[in-house]
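Below is one structure; the comments refer to it alone.
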Amino acid sequence: MKIALCQYDIKWEDKEANKRKIDSLLGKCKCAKEIDWLVFSEMTLSGFTMNTAVSELNDEDHAFFRGLAVENNINISYGGVEKGCNNLITLDRKGNRVNTYSKIHLYAFGGEDKHYNPGSAQAVFELEGLRVMPAVCFDLRFPYLFWNKAPAVDVYVVIAAWPMRRAEQWMTLLRARAVENQAYCIGVDRIGLEDKVEYSGNSMCFDPLGKVALDCGTAEGIFLAGAPLDKGLVAKTRERFPFIGERKNFPWQ
């Protein structure tokens, strides 16, 4: 499956402007016909706002992404709020919802816990043969969330609004989650300025050995990985280095 990541300068709390921007980026994307799965960043249409009236997705917002999926014959993952939860939503090529994951670890340092409800369950779903575990931004800092499902996962996908000043941590943690769990780890962040917070993108995909499969840098656009996500590489890596099976349950009594 060929993965593409979209990092763009989200216009603060302006859904319609951001829909137009996404349409424009996809229209100008020379590799659009090669994409199997397109992933967007956290709170895709609003930016990481605590204004729940704006971040909450409505029927028109969902219809926009369904239209993208059907018209372009691609799977899509996008972010937004539903019923007070910060969600990552995945659609198949026909626009059908495949999975909804609600962010478990809310970013209390930024007040997210005062405006949104935490999720209470992890998710693993299948997308065209790949076993996928979704996560949102701050979840990335909690490795147990990734270890917990590792044997049943081929690909981790993390959407985020991760500030530029901590970009090095973002990229390091993405690579760590890939290496320690011997799975692909995809991270999608935004670019641009959001109030006083600057974002640099640095959306990336690491393979099960921690090698860079895609590095979007800091430019705006839709970026396609050169090689498809390969479930066989995950299995081969785990067979050659069976580290997951050597994990222990802590604490020991």
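Every number in this text was worked out from the coordinates using simple rules, so none of it is lab data. Worth saying up front: this structure is predicted, and the values here are computed from it rather than measured. No Cβ is skipped: glycine too gets one built from the backbone with ideal geometry, and neighbour counts run over all protein chains shown.
Some points to look at:
- Distances between placed amide hydrogens fall under 5 Å for VAL157 paired with MET133, ALA135, ILE186, all partners being 5 or more residues away or on another chain.
- Amide H contacts of TYR107: GLU112, ASP113, each under 5 Å away and 5 or more positions distant or on a separate chain (H built 1.01 Å from N in the peptide plane; Pro and chain starts excluded).
- Oblate is the label for the range 18-152, because a/c, from the alpha-carbon gyration tensor with a ≥ b ≥ c as root eigenvalues, is 1.5 or above and a/b does not exceed b/c.
- Note on PHE125/VAL197: beta-carbon distance plugged into 1/(1 + (r/R0)^6) with R0 of 35 Å gives a FRET efficiency of 0.65.
- Taking 0.36 nm per residue of sequence separation and removing the Cα-Cα distance, the ALA227/ASP9 pair yields an extension gain of 75.9 nm.
- For a straight C-alpha distance cut-off of 17 angstrom, the aspartates and glutamates reachable from LYS248 (same-chain residues fewer than eight places away being disregarded) are GLU180.
- Whole-Å distance, taken between Cα centres, linking the range 181-231 and the range 32-106: 17
- The chain, helix-only ellipticity at 222 nm - DSSP H runs n ≥ 4, -39,500 (n - 2.57), divided by all residues, nearest 500: -7000 deg cm²/dmol
- Förster-model FRET efficiency, 25 Å R0, LYS114 and LYS149, C-beta, rounded to 0.05: 0.30
- 20 °C / 1.002 mPa s Stokes-Einstein diffusion coefficient of the range 123-194, Kirkwood radius on C-alpha pairs, µm²/s: 172
- Semi-axes of the equivalent ellipsoid for the chain, Cα gyration tensor, largest first, Å: 27, 21, 17
- Of the trypsin sites (Lys or Arg not before Pro) found in the range 3-108, those that fall in a DSSP loop while having at most 11 other beta-carbon atoms within 10 Å are LYS30, LYS83, LYS94.
- LYS28/GLU71 FRET efficiency (R0 22 Å; Cβ-Cβ; nearest 0.05): 0.90
- Sites matching GluC sites (Glu not before Pro) across the range 30-136 that sit in DSSP coil, with at most 16 neighbouring C-beta atoms within 10 Å: GLU128
- Extension reserve of the THR218-GLU246 stretch, reckoned as 0.36 nm per residue once the Cα distance is removed: 6.3 nm
- Among beta bridges that DSSP assigns inside the range 3-239, antiparallel share in %, nearest 5: 60
- Residue pairs exceeding 29 angstrom between C-alpha atoms, taken from LYS15/LYS211; LYS19/LYS103; LYS28/LYS94; LYS11/LYS211; LYS15/LYS196; LYS15/LYS231: LYS15/LYS211; LYS11/LYS211; LYS15/LYS231.
- Under the shape rule built on the C-alpha gyration tensor, where the axes satisfy a ≥ b ≥ c, the range 180-253 is oblate, since a/c reaches at least 1.5 while a/b does not exceed b/c.
- Applying 0.36 nm per residue to the separation of GLU168 and ALA235 and subtracting their alpha-carbon distance, the gain on full extension is 21.2 nm.
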